[in-house]
Amino acid sequence: MVNIIDRRRNPKGKSLANRQRFLRRAKRQVLDAVNEASGRRKVTDVAGGEQITIPADGLHEPSFRKAADRGVHEHVVPGNKEYVVGDTIPRPEGQGSGGGREGSPDGEGEDEFTFAVSRDEFLDLFFEGLELPDLVKRQVKKTEQYTQQRAGYSVSGSPSNLNVERTMRNSLSRRIALRRPKGEDLQALDEEIDRLERSGAEPERLRELIELRRSKQERSRAIPYIDPVDIRYNRFDHVPQPISQAVMFCLMDVSGSMTEDMKDLAKRFFMLLYLFLERRYRHVDIVFIRHTHIAQEVDEDTFFYSRETGGTLVSPALTMMRDIIEDRYPVNDWNIYGAQASDGDNTPADNPATTRLMADGILPLCQYFAYIEVGGGQAFHVPSDLWRAYDRLARGESPLAMRRVQTRGDIFPVFRDLFTPAELKA
């Protein structure tokens, strides 16, 4: 059996199977390259494809080779005009003498392999294995998914749904009720008639049996083995499949204390979160809240691209989130999630109100709440007042998770850490 592997480039999906096989083999290297590429991108380009460069070492296909046994080996070499049987072929000159190409100046190097991943492949690698924590079924909403469920039998339907067992049971019941002659009874009657005809005895008995056979045959033809009234088909109902309802609140600090680099880090995190939710969950509402000293619910474009700024108060954003939950997202029907990005700066007088709102009004309603603190420089390593307040709330069984992001390269690992299921982390 010959296996042909198509190694052409991938025009119009002709080598899709080979491409997917390659991505599975080089998964670890590709994932590292995707992580590195995500740090170089602009916020507006997060969702695009990428030219990926990975080390070529380890990408060669495995092959079987004969073990290098010691001893004398005889080979038939085509085109030989110099040697005869018994001659010893000298070792080639220069072997083992280091006659290869000159190495790199630092003594290290590796071949590289570059290929392009599409947008879908790039996002699949980004979000593979991630999910919203503790997502539970609450209520069927916007039902678009159905599953087929057995719902008894029908007298009409597709031949592929024919229920043979039920059909034969009905046929047997009808034949018994109408006393249709059995095949073995007719056979026994034929044998008896044949015996009497050969013996020539009992002519009256013979005529009776012939008349009885005729009657039974007519009755057998009048009562078919399988009648249309016997046929039954499996019937299926389209039952709505419960879809989990979830809402994600995205809270971003855009006050004057947030530098452009900090805002860039926060936007990168929320852009990944937005793409993740859109790609993995059909019915997840996303609520965008920007805040300075006041909070505003905004649309996607305003959230990511508006350049407004101002003072810093955190409690108005949390108050708005709580009010929106009460008005539009009842806890009994919705899975509530929250993600907040800030540099940790807050007006000192607002910290008690912020802590109280988180402890009493937000965390009890949430399945999961992620706090991302962005920043840079030496001051970043000193816990902010907001970080210390949240840290006290995050202890025990709290749904609050806290992470710090200092550079673009931290975004992807932190994002995966926040949304990787606990069983996969173990």
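Within the range 293-306, the set of residues being at pLDDT 90 or above and β-branched (V, I, T) comprises I294, V298. Look at (1) open to solvent by 60 Å² or more (accessible area, probe 1.4 Å); (2) more than 60 Å from the chain's Cα centre (by Cα) and you find that R179 fails only one, number (2). A residue that is open to solvent by 40 Å² or more (accessible area, probe 1.4 Å), part of a loop (DSSP other than H, G, I, E, B) and either over 17 Å from D391 (Cα atoms) or in contact with a strand residue (DSSP E or B) (Cβ under 9 Å, 6 or more places away or on another chain) (or both) occurs nowhere in the range 348-366.
Here's the yes/no breakdown for (1) open to solvent by 10 Å² or more (accessible area, probe 1.4 Å); (2) modelled with pLDDT under 90; (3) out of contact with any Asp or Glu (no Cβ under 8 Å at 6 or more places or on another chain):
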| site | (1), (2), (3) |
| --- | --- |
| I226 | yes, yes, yes |
| A266 | no, yes, no |
| L277 | no, yes, yes |
| H291 | no, no, no |
| E308 | yes, yes, yes |
| T319 | yes, no, yes |
| I325 | no, no, yes |
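Could you please find all residues in the range 294-306 being out of contact with any helix residue (DSSP H, G or I) (no Cβ under 6 Å at 6 or more places or on another chain) and surrounded by 15 or more Cβ atoms within 10 Å (Cβ to Cβ)? Outline the logic, then answer.
First, the residues of the range 294-306 that are out of contact with any helix residue (DSSP H, G or I) (no Cβ under 6 Å at 6 or more places or on another chain): 296-303, 305-306.
Matches in the range 294-306: Q296, E297, V298, F303.
Of all the listed residues (L212, L196), the sole one being assigned to a helix (DSSP H, G or I) and either in contact (Cβ under 8 Å) with a residue 40 or more places away in the chain or open to solvent by less than 70 Å² (accessible area, probe 1.4 Å) (or both) is L196.
Considering only residues of the range 376-391 that are touching a helix residue (DSSP H, G or I) at 6+ places or on another chain (Cβ under 8 Å) and either assigned to a strand (DSSP E or B) or surrounded by fewer than 22 Cβ atoms within 10 Å (Cβ to Cβ) (or both), which is modelled with the lowest pLDDT?
Going through the range 376-391, the residues touching a helix residue (DSSP H, G or I) at 6+ places or on another chain (Cβ under 8 Å) turn out to be 376, 383, 385-386, 389-390.
Checking which are either assigned to a strand (DSSP E or B) or surrounded by fewer than 22 Cβ atoms within 10 Å (Cβ to Cβ) (or both) leaves us with 376, 383, 385, 389.
Values: G376: 64, P383: 80, D385: 85, A389: 88.
Looking at residues that are touching a helix residue (DSSP H, G or I) at 6+ places or on another chain (Cβ under 8 Å) and either assigned to a strand (DSSP E or B) or surrounded by fewer than 22 Cβ atoms within 10 Å (Cβ to Cβ) (or both), I get G376.
The values are calculated or read from the model by the stated rules, or taken from the named source; none is laboratory data. Just so it is clear, the structure is predicted and the values come from calculations on it, not from any experiment. Glycine also receives a Cβ, built like all others from the backbone with ideal geometry; neighbour counts cover every protein chain displayed. Just the protein is used for accessible areas: all its heavy atoms, side chains included, with ligands, DNA and RNA removed. Shrake-Rupley method; radii C 1.70, N 1.55, O 1.52, S 1.80 Å.
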